[in-house]
Structure formats: structure tokens, C-alpha cells
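This report refers to the structure that appears directly beneath it.
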Amino acid sequence: MHSKWSGRCDDCGAWNTITEDLPLSEGPSKSGLGQTRGKALALGALASDDTPPPRTLSGIAELDRVLGGGLVEASAVLVGGDPGIGKSTMLLQAAAALGSAGLNAVYVTGEEAAAQVRMRARRLDLGTAPVRLAAETNLRDILTTLEKERPDVAIIDSIQTMWLDTVGAAPGSVSQVRAAAHELTSFAKRRGTAVILVGHVTKDGQIAGPRVVEHMVDTVLYFEGERGHQFRILRAVKNRFGPADEIGVFEMTGTGLAEVANPSALFLSDRDQPAPGSVVFAGIEGTRPVLCEFQALVSPAPAGQARRSVVGWDGGRLAMILAVLEARCGIPFAGLDVYLNVAGGLRVNEPAADLAVAAALLSAREDSSLPANTVVFGEISLSGHVRPVGQTDARLKEAEKLGFDAAIVPEGAKATDGRGVRVRKMPTLQALVGDVFGAG
Ligand code: TYD
Ligand code: MG
């Protein structure tokens, strides 16, 4: 053993035979941090007169709303969604809008050739928009370019195609995606650029999904919607600069995504006459009231397992409501297939929809429809009580605006008649069963 370079072996006398061997790592250094001190931090008070971060409006109102009132500089935004849902389309439109508003906008595509993006831009009638484009996946080159250009906004489509030469894994793997996102978010903080990352939701484990970078960015938006529907919903699931759960509603047209200013009208647009199993829920999405239609179908199940199928609502929550109906109201659904659907491709997450779901199930099962022009909302507890929910006024106002004249609401709701909507208060689920459906 030699502690430094040596030309000749002490044991056998041979020259140039000694090779260097690094000792096994001993793990983190044993000496504590306290021995070599860092510099002391200046601790400040919470109160300050810093101005709120400057924002830029893209001019696409639905997008600006979801961002919490515009794009914040030096922030990192993740836009996730299924492949083909319209992420590239929307971000190209956003880049064009921001560019036209005077910002320096850069769009880096790692998925498509530059010619493909140009072709799409022409089809969207944005062929001459002031957006600068590059097709590249090597993050070292991209960062060098961004450092040089210092754009106001940089769109990276998609994070899963980017790779760092310092990471040995394939593009799209968890370590590459994490490392690329880290580099880009720290660039955003360092240089004041707003960086927008696109992330595809993936079904298998080969490619890392957008979830692995959610914690690194300031804002996480998901693009939702059913492939067959033309509606697309952009939902903020995390936002350090605004309310989460805010939604923006778009419609996919032949010339890109169009904003939908009045989503309630859209979600109820192809509603027929009141039908058994159909109930309108007065919901709140973010800061906005949105009416939508719950549709239920109950049919005898062929022998064996009864089916429970849900689109746009939580399956576990449906099971709970079926259990409450059975245990508290004596209305069994055993031996019946139950299908529940939110019309229009909207996903509802509010517990306030419980009462509407229960009403739709009862209405389907009893084959009797609710009175026309009625909206329903309220949360159901396991005891069968209907609990009040927030923003009663906003819900009723929206219902009135769309021509509804009756509402079934929780007993504790702070709602008064008076306006154009007649309010019917339900203390319990049993009361709904008895009063409205005459069953139980
Ligand atoms: P795209 O933005 O490429 O999806 P993503 O980036 O999320 O994978 O959108 C793909 C779909 O959108 C494609 O199936 C065609 C449709 N589309 C339109 O209907 N109209 C249009 O103007 C454009 C550009 C796309
Ligand atoms: Mg794309």
C-alpha cells in the first residue's frame, strides 16, 4: 500500500506496476456541519412592501384566468395532458399571443420538426406571429441559446424529449426528466424568464409522467377532456400565484382552440327535455360557478356482478352514495348495473355534487324525472344528512342566469327565495327520497 504515487513496488521490485485504487466511499463525511460554518443569513420580517410579481396577460382570457391573472415572470409552469389533447396547439397560440403583446417568445420543440410546427402555425393563421422557433432536444444547447437570448417566455415541448449529457439514462426516464426540469426551472429563477414545460401523461412506466416534476414548478396545469368531445378543460391543480382548481374552457375547432366564455351554457347545450336519470348540478370550479348535467342509468344486471361505471366523477364517491341510499333510505342497488356520466367531458371533483348524484340515481331507478329547470347541490354525509356547501349565492345566481327557476339545496344553506329561483331545502337524503320521488 502506498499513500502517494510511486514508480516501483516495494514488495516485488517491479516498475510501473502499481495502480491507483480509490478507497471505498465512507458515505457522508463524519464531521458535522457545525465545524465549518457557513455564512449567517439575514433574517427578514414577513411584512414588506414588495410589489406583487409582475404579470403578463396573454390575451387568451381563459388561459390568463387559470394562471391566476396572467403569466408571472421568472416562474415555471407545467402543462400536462394526454397525447393529442391539444397542448402544443394551445401553447403555440399562447406563444403567438404573448409575442404579439410585445414579449420575446421562444418555442422549443423536441417532438416535431420545425417545419411541422410552422405548418400548424399557418393552419392556425399564426404564420406571421413574432415567435422564434427551434427544434432541439439537447438541453445544453437549449440553455446556451436561452442564456444568450434571455427571452421573456420559453416554451419547452416536451420535457420528456429533453436530455442532459451529464445524465446516463435515456430521454424520458425519471432521472432525465427530473434533471431537465431542474435545469430549466433554475434558469427561470435566475434569468427572469417564464418557462412553460409540456408533459405528456403516460400510461406505462417506460416514460416518466409529468407528476415527477410537479413539485419543482410553481404552477401545474392539466389539460383534460374526452377525445370524442370538442371541449377541453385546462385546470390549475397547483398554483403558487393564484387559486388552484381554477378552470379554463376551450373548444377544439378546425382553426385551433377557441375560448368558451360561458361554460355552463356549453355543458347544458345539448340537453333534451327533462329525462329520468338526468339532473343539473350547480357547481363551482375554481372561482367560477359552472352548471353541468349528471346522467345516471340503472338497469338490471345479468346474473353475477353488478357493474358500476363512472365517467367524470369519483368511483369511490359513487359507491358511498349507493351505500348511503341503501343503508339510510332502504333503497337497494344490488343486482342493478349503475352507470353515471357527467355530460360534455367535464370532470367534477366537488363533494357538493353528492346530492345531484343521489337525485340522478333515484330518478333513474324510479324512472321519474325531477321537475324541469331545477338545479341541485349539497354534500351527503354517511348518516344521510345533507350538509351545506360554500358559495350558495354564486350557484343560485348562475342557475338563474341560465333560466333555471328551482333549486334543491341543503337545509343549512344560506339561501333565500326572492330571486327568480325557488329554493327547496333538504335536511336529509330521506327527505329527498320521500318529498321529491315519493319513494322509500
Ligand atoms: P396537439 O396540440 O398536437 O396535441 P398534444 O400536443 O397535446 O399532443 O393537438 C392534436 C390534436 O388536435 C390533433 O388530433 C388534431 C387536433 N387539432 C384540431 O382539431 N384543430 C387544429 O387547428 C389543430 C392544430 C389540431
Ligand atoms: Mg404536442
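The values are calculated or read from the model by the stated rules, or taken from the named source; none is laboratory data. Predicted model only: the values in this text are computed from it and were never measured. Please note: Cβ atoms are built from the backbone with ideal geometry, for glycine as well, and neighbour counts cover all protein chains shown.
Within region 246-262, if we keep just the residues that are more than 16 Å from ligand 1 (Cβ to nearest atom) and outside any strand (DSSP E or B), the residue that is surrounded by the most Cβ atoms within 10 Å (Cβ to Cβ) turns out to be Glu246.
Tell me which residues, restricted to region 149-165, are away from ligand 2 (no atom under 16 Å from the Cβ) and farther than 22 Å from Leu71 by Cβ. Those that are away from ligand 2 (no atom under 16 Å from the Cβ) and farther than 22 Å from Leu71 by Cβ: Trp163, Leu164, Asp165. Tell me, please, whether a residue that is closer than 19 Å to Ile85 by Cα, within 14 Å of ligand 2 (Cβ to nearest atom) and in contact with a Ser or Thr (Cβ under 8 Å, 6 or more places away or on another chain) can be found in region 126-148. No; the residues of region 126-148 include none that is closer than 19 Å to Ile85 by Cα, within 14 Å of ligand 2 (Cβ to nearest atom) and in contact with a Ser or Thr (Cβ under 8 Å, 6 or more places away or on another chain). Within region 100-156, the set of residues being free of Cβ contacts under 8 Å to residues at least 40 places away in the same chain, in a strand (DSSP E or B), closer than 22 Å to Ala170 by Cα and touching a helix residue (DSSP H, G or I) at 6+ places or on another chain (Cβ under 6 Å) comprises just one member, Ala135. Here region 68-113 is the region considered, the condition is being over 22 Å from Met252 (Cβ atoms) and within 15 Å of ligand 1 (Cβ to nearest atom), and the residue that is surrounded by the fewest Cβ atoms within 10 Å (Cβ to Cβ) is Ala113. Contact map, region 69-91: first residue within 14 Å of Glu226 (Cα to Cα), second residue within 16 Å of ligand 1 (Cβ to nearest atom) and assigned to a helix (DSSP H, G or I), Cβ cut-off under 9 Å, separation 6 or more or different chains; pairs are Gly81/Lys87; Gly81/Pro210.
Would you be able to tell me the number of residues in region 182-201 that are under 16 Å from Ser158 (Cα atoms) and in contact (Cβ under 8 Å) with a residue 40 or more places away in the chain? Walk me through how you get there before you give the answer.
The first filter runs over region 182-201 and keeps only residues under 16 Å from Ser158 (Cα atoms), leaving 182-185, 194-201.
Of the ones still in play, those that are also in contact (Cβ under 8 Å) with a residue 40 or more places away in the chain are 183-185, 194-201.
The total comes to 11.
Can you say whether Thr137 is among the hydroxyl-bearing types (Ser, Thr, Tyr), farther than 21 Å from Leu257 by Cα and touching a Gly at 6+ places or on another chain (Cβ under 8 Å), as far as the supplied structure shows?
Values: among the hydroxyl-bearing types (Ser, Thr, Tyr): yes; farther than 21 Å from Leu257 by Cα: yes; touching a Gly at 6+ places or on another chain (Cβ under 8 Å): yes.
The answer is yes for Thr137.
Of the residues making up region 363-383, those that are modelled with pLDDT under 95 and assigned to a loop (DSSP other than H, G, I, E, B) are Asp367, Ser368, Ser369, Leu370, Pro371, Ala372, Asn373. Screening Thr392 with (1) over 15 Å from Leu432 (Cα atoms); (2) in contact with a Phe, Trp or Tyr (Cβ under 9 Å, 6 or more places away or on another chain); (3) touching a residue at least 24 places away in the same chain (Cβ under 8 Å) gives one miss only, at (3).
For region 338-350, a residue qualifies if it is modelled with pLDDT of 95 or more and surrounded by fewer than 19 Cβ atoms within 10 Å (Cβ to Cβ), and exactly one does: Tyr339.
Residue-wise test of (1) of a type in the set (Asp, Glu); (2) touching a Leu at 6+ places or on another chain (Cβ under 8 Å); (3) closer than 14 Å to Ala194 by Cα.
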| residue | (1), (2), (3) |
| --- | --- |
| Arg123 | no, no, no |
| Leu126 | no, yes, no |
| Arg132 | no, no, no |
| Ala135 | no, no, no |
| Leu139 | no, yes, no |
| Ile142 | no, no, no |
| Asp152 | yes, yes, yes |
| Ile156 | no, yes, yes |
| Gln160 | no, no, no |
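Of the listed requirements (1) in a loop (DSSP other than H, G, I, E, B); (2) crowded, with 16+ Cβ neighbours inside 10 Å, Gly168 misses just one: (2).
Among the residues of region 94-122, those that are in contact with a Gly (Cβ under 8 Å, 6 or more places away or on another chain) and farther than 28 Å from Ala179 by Cα comprise Ala97, Ser100, Ala101, Arg118, Ala121.
Out of region 59-92, which residues are in a loop (DSSP other than H, G, I, E, B) and not aliphatic (A, V, I, L, M)? Break it down into steps so the answer makes sense when it comes.
Filtering region 59-92 down to residues in a loop (DSSP other than H, G, I, E, B) leaves 59-60, 67-70, 73-75, 82-86.
Answer for region 59-92, where residues must be in a loop (DSSP other than H, G, I, E, B) and not aliphatic (A, V, I, L, M): Gly59, Gly68, Gly69, Gly70, Glu73, Ser75, Asp82, Pro83, Gly84, Gly86.
Residues of region 221-240 that are modelled with pLDDT under 90, surrounded by fewer than 23 Cβ atoms within 10 Å (Cβ to Cβ) and assigned to a loop (DSSP other than H, G, I, E, B): Glu226, Arg227, Gly228, His229, Gln230. Number of residues in region 334-360 that are of a type in the set (Asp, Glu) and part of a loop (DSSP other than H, G, I, E, B): the value is 1. In the set (1) in contact with a strand residue (DSSP E or B) (Cβ under 9 Å, 6 or more places away or on another chain); (2) among the hydrophobic types (A, V, I, L, M, F, W, C); (3) crowded, with 16+ Cβ neighbours inside 10 Å, the condition left unmet by Ala372 is number (3). For the structure I just gave you, tell me whether Ser173 is farther than 22 Å from Pro83 by Cβ, away from ligand 1 (no atom under 16 Å from the Cβ) and among the polar types (S, T, N, Q). No; evaluated as a whole, the condition is false for this residue.
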